[in-house]
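For reference, the structure is listed below as structure tokens.
The values are calculated or read from the model by the stated rules, or taken from the named source; none is laboratory data. These figures come from a predicted structure and were not determined experimentally. Note: ideal-geometry Cβ built from the backbone for every residue, glycine included; neighbour counts use all protein chains shown.
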């Protein structure tokens, strides 16, 4: 079976994991299988030296892991993130690519439509974004590398991670809060769209405009996400307000409360800015991605008044420093101001 075909699907009861994601895990957390003939075949038993297993794999090789072992695997992957991100012997771009792949694998289940959000999975998500936040706080090169390697074929978990990384970068650039406050901002940004797991896929992926009834369902993702987190933890965490407020707008046109700026926390307003930017610059089933320049034009002109002006100005500066688009971005700011 060609490698591409093997990676594209998995037999019932199994899921794929790329060998390169496992390179920084010392002990194999569960059995690994490969697909040979009509059924998966055991390749390495749990408890063994995983680095030796990975060392003898072929480039691009993918393993199979039983669904019942998936949480063990994700826990080990999350625990390996510090080693990946803090290894200054590896270029920042390479560290970032690996970290994104690991984080996506860890986070995907909490955004799935077929699984309830439980306490352990939510805590693992928090652990993952906390690791990323802590590493970004002390490594400017890694901040830009994470931005440069963002996946732009949007999925719920990649959009969540992109939004969190943008949020961390902007909060750091503006010196908004201490490390603990930025950590909470990152958690809220990561989980801001969690409630979309309760919105039917037919609405989420509809290739045409939503009707009013469908919009009512879509708007319900804010309340759903807020309640999911509280239900899983048993209390309202310090970042819960970000989930509740990320669709409020400075001109009062947002939802669910039509609040004005003085009624919305600054970190929620920041997440609103980076959420909209990543959504505009990412491909979705119903739209193409637009350039950073066009996204900012839309936010400053078409959506005039909906976002905090200072936050947008600082975000433009941040993007300009990364992408060498200072002249174009400054022109967009002057033209829309």
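Kindly evaluate residue 125 against the criterion of being closer than 17 Å to residue 70 by Cα, surrounded by 23 or more Cβ atoms within 10 Å (Cβ to Cβ), assigned by TED's automatic domain parsing to the domain that holds residue 242 and in contact with a helix residue (DSSP H, G or I) (Cβ under 8 Å, 6 or more places away or on another chain). Yes, satisfied. Any residue at all in region 181-192 that is in the same structural domain as residue 290 (by TED's automatic domain parsing) and on the phi > 0 side of the Ramachandran plot? No, every residue in region 181-192 fails to be in the same structural domain as residue 290 (by TED's automatic domain parsing) and on the phi > 0 side of the Ramachandran plot.
Quick grid of which residues meet (1) touching a strand residue (DSSP E or B) at 6+ places or on another chain (Cβ under 7 Å); (2) part of a strand (DSSP E or B); (3) more than 23 Å from residue 110 (Cα to Cα):
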{"site": "17", "(1), (2), (3)": "yes, yes, no"}
{"site": "24", "(1), (2), (3)": "no, no, yes"}
{"site": "53", "(1), (2), (3)": "yes, no, yes"}
{"site": "57", "(1), (2), (3)": "no, no, yes"}
{"site": "65", "(1), (2), (3)": "yes, yes, no"}
{"site": "76", "(1), (2), (3)": "no, no, no"}
{"site": "83", "(1), (2), (3)": "no, no, yes"}
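Report those helices (runs of 4 or more DSSP H) wholly inside region 201-264 carrying at least 2 residues which are at pLDDT 95 or above and surrounded by 13 or more Cβ atoms within 10 Å (Cβ to Cβ). So that I can check it myself, show each step before the final result.
Details: elements: 201-204, 212-233, 240-245.
The helices (runs of 4 or more DSSP H) meeting that bar are 212-233, 240-245.
So is residue 198 within 18 Å of the chain's Cα centre (by Cα) and either surrounded by 17 or more Cβ atoms within 10 Å (Cβ to Cβ) or in the same structural domain as residue 239 (by TED's automatic domain parsing) (or both) or not? Yes.
Quick one: would you say residue 172 is surrounded by fewer than 22 Cβ atoms within 10 Å (Cβ to Cβ) and either touching a residue at least 24 places away in the same chain (Cβ under 8 Å) or not assigned by TED's automatic domain parsing to the domain that holds residue 16 (or both)? Criteria met by residue 172.
Taken together, the residues in region 129-146 that are under 26 Å from residue 112 (Cα atoms) and either at pLDDT 95 or above or surrounded by fewer than 18 Cβ atoms within 10 Å (Cβ to Cβ) (or both) amount to 5.
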